[in-house]
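To start, the structure under review is shown below, and the notes come after it.
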Amino acid sequence: MALIIKQYPDLTLDELYELLQFRQEVFVVEQNCPYLDADGEKDKLSWHLWLTDASGKMSAYCRVLPKGLGYRGYVAIGRVISRLDQRRTGVGRKIMEEAINWIKKQWPEESIKISAQCYLDRFYASLGFVATGEEYLEDNIPHQAMILKK
């Protein structure tokens, strides 16, 4: 499994198409949540991280938003997904661990914040994230803000 990290200008057209299609498959179709996933400046100013399977297909993906782009005062990880046929294989944990380690190397003093779907709270807690604030609805799905313990 290969890890790829690219900023928006460095993505090939095929990579951009694949990651947008992948995100739509999960967030819009699978979760039956019609919303605009491609969110302009956030995608353009973020780093895109993904793991590929043996055939080169994306098996897990997330994006890293620089400090202040997602949350004031925090670096953020968002749009975390894994392919349906890859779930429960560890790829979701692997992409999150890679993102956390990469952020710690890039910005060792910065804190990391996520907006977690509530049904995944235990998964993110197992990575060191702690819930903060009240639950809220985002696109009609219960979410919880979480911050990585240092």
Selection from VAL91, TRP47, TYR8, by position along the positive dipole direction of segment 2-110 (Cβ): VAL91
Low-density loop trypsin sites (Lys or Arg not before Pro), segment 70-105, at most 16 other Cβ within 10 Å, DSSP non-H/G/I/E/B, are ARG72, ARG87, ARG88
Please report the antiparallel percentage of DSSP beta bridges with both residues in the chain, rounded to the nearest 5. 95 percent
Quickly estimate the mean residue ellipticity at 222 nm for the chain, helices only: each DSSP H run with n ≥ 4 gives -39500 (n - 2.57), and the total goes over all residues, rounded to 500. -7500 deg cm²/dmol
Running Debye on the chain with equal point scatterers at the Cα sites and no solvent, what base-10 log of I(q)/I(0) appears at q = 0.15 Å⁻¹? -0.76
Dimensionless Rg ratio for segment 11-100, taking C-alpha atoms and the 2.2 N^0.38 Å reference: 1.06
Size of the dipole of the chain about the Cα centre, Lys and Arg at +1 and Asp and Glu at -1 on the beta carbon, nothing else charged, in debye to 20? 600 debye
Hey, fewest Cβ within 10 Å first, where do MET1, MET96 land in order? MET1, MET96
Quick one: which residues, 5+ away or cross-chain, put their amide H under 5 Å from the amide H of ALA76? H built at 1.01 Å from N. LEU65, GLY70, LYS113
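Each value in this text was obtained by applying a stated rule to the coordinates, not by laboratory testing. The shown structure was predicted, so the numbers you read here are calculated from the model rather than taken from an experiment. Methodologically, a virtual Cβ is constructed for each residue, glycine included, from the backbone with ideal geometry; neighbour enumeration extends over all protein chains shown.
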